[in-house]
Every structure is written in C-alpha cells, then in structure tokens.
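Have a look at the structure below, then the notes.
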Amino acid sequence: MPLIRVTLLEGRSPQEVAALGAALTAAAHETLGTPVESVRVIVEETPPERWFVGGRSVAERRASPS
C-alpha cells in the first residue's frame, strides 16, 4: 500500500488538488502495479507565512520580491 505525501502552498482550487491526487494514484498504479484501491495520497497545504525560501517566508517574498 503506497502512501504518497505532497506538501503544497495554499491557494490551489479543490479541482486542482483532486486532479493531482488522481494523477499520483494513477502513476503509482502504472509504475508499481499497485491496485488503485490500495494507493493513499495525502495533500497538505501550507500557508505562505509558514513556507520559507532562503530564510524568508513566501508571503514576505511576494510582498517584497527584492
């Protein structure tokens, strides 16, 4: 039973997240031969204030790109 965990920045639509879950499930099934019913996908969304790149939050980088 594969478990696939994905962390994304918040802001994607429910449809985009569902499409990602379906695509990852299909990829695991096609690559590993795992039954679709056995694939688990967890999508965690993180607010930009809690996602850091180079020591600055994404929210801060968006507000002041320099």
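Quick notes on this one:
- Among the residues of region 23-54, those identified as of a type in the set (A, V, I, L, M) and surrounded by 12 or more Cβ atoms within 10 Å (Cβ to Cβ) are 24, 26, 27, 28, 39, 41, 43.
- Region 39-66, residues that are over 20 Å from residue 19 (Cβ atoms) and either touching a residue at least 12 places away in the same chain (Cβ under 8 Å) or among the charged types (D, E, K, R) (or both): 47, 48, 49, 50, 51, 56, 58, 59, 60, 61, 62
- Qualifying residues in region 25-44 (those that are touching a helix residue (DSSP H, G or I) at 6+ places or on another chain (Cβ under 8 Å) and of a type outside the set (Gly, Ala, Ser)) - the one farthest from residue 4 (Cα to Cα): 35
Taken together, the values in this text are just the output of simple stated rules run on the coordinates, not laboratory data. As the structure is a prediction and not an experimental result, all values here were calculated from the model. A quick note on method: Cβ atoms are made from the backbone with ideal geometry, for glycine too, and the neighbour counts reach across all protein chains shown.
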